[in-house]
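Here the structure is laid out as structure tokens; the discussion comes afterwards.
No value in this document is a laboratory result; all are computed from the given coordinates. Worth saying up front: this structure is predicted, and the values here are computed from it rather than measured. We place every Cβ from the backbone using ideal geometry, glycine too, and count neighbours over all the protein chains shown.
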Amino acid sequence: MADRLDTPRAARRSLLPRYRVDQDAVGRATEGIARFLGTPRFLVYLTVFCAAWILWNTWGPESLQFDSAALGFTALTLMLSLQASYAAPLILLAQNRQDDRDRVTAEQDRQRAERNLADTEYLAREMAALRLALNEVATRDFVRSEIRNLLEELEEKSARPAVEDETAARD
């Protein structure tokens, strides 16, 4: 047997034929049932059903009664137990599907938050670069002061040759 570990095992034969079940369809059906079980409408229907059952088996014709009140409505108790035994797993299946959806949503939210953080950091870096670039740009006041300084220098230079001409003429 140890020399045959590289070959797959033969398929097991079962008494029941294998059916392919669409897990998503089953999940949608269980969610629908679980949602219905959690509604006030279901509670009203269940209350009316139990009341009708008890009334019929208490005051209905004795020949047509099918669940004895003397035995504590055994059939009704079994029916409600059966309903509860199916409701609990259906609710758990629906919760599992909801957990899966929540997990996917949380992952998408996390990815979106990471993208937003990266975008925000990029924009912050760009803003910082713009601020640095604007610090190197001459402002209006700086340009005006430089023009004033140049004008003062030109006025001084233009006033100097006239003074030099007057001193040369005196000499």
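Observations on the structure shown:
- Highest-MSF residue in the chain out of Asn135, Asn57, Asn96 [GNM, Cα springs under 10 Å]: Asn135
- Mean projected area in nm² (Cα convex hull; one quarter of hull surface) for segment 20-110: 8.6
- Summing Cβ point charges (Lys, Arg +1; Asp, Glu -1) relative to the Cα centre of segment 20-110 gives a dipole of roughly 100 debye.
- Global form of segment 104-150, assessed from the alpha-carbon gyration tensor, a/c cut-off 1.5: prolate
- Projected onto planes of every orientation and averaged, the convex hull of the alpha-carbon atoms in the chain covers 32.8 nm².
- As a rough footprinting exposure proxy, the listed residues Ser68, Ser81 were ranked by other beta carbons within 10 Å of their own, and the order from fewest upward is Ser81, Ser68.
- Computed E for Arg41/Arg112 - FRET, C-beta separation, R0 45 angstrom, nearest 0.05: 0.75
- Within the chain, helix-based [θ] at 222 nm, where runs of 4 or more DSSP H residues each add -39,500 (n - 2.57), nearest 500: -27500 deg cm²/dmol
- With contacts taken as Cα pairs under 8 Å at a separation of at least 6 residues, the chain carries a relative contact order of 20 percent.
- Annotation: the residues Ile54, Ile147, sorted from fewest to most other C-beta atoms within 10 Å of their own C-beta, follow the order Ile147, Ile54.
- Of Glu31, Glu156, the sequence from fewest to most neighbouring Cβ atoms within 10 angstrom is Glu156, Glu31.
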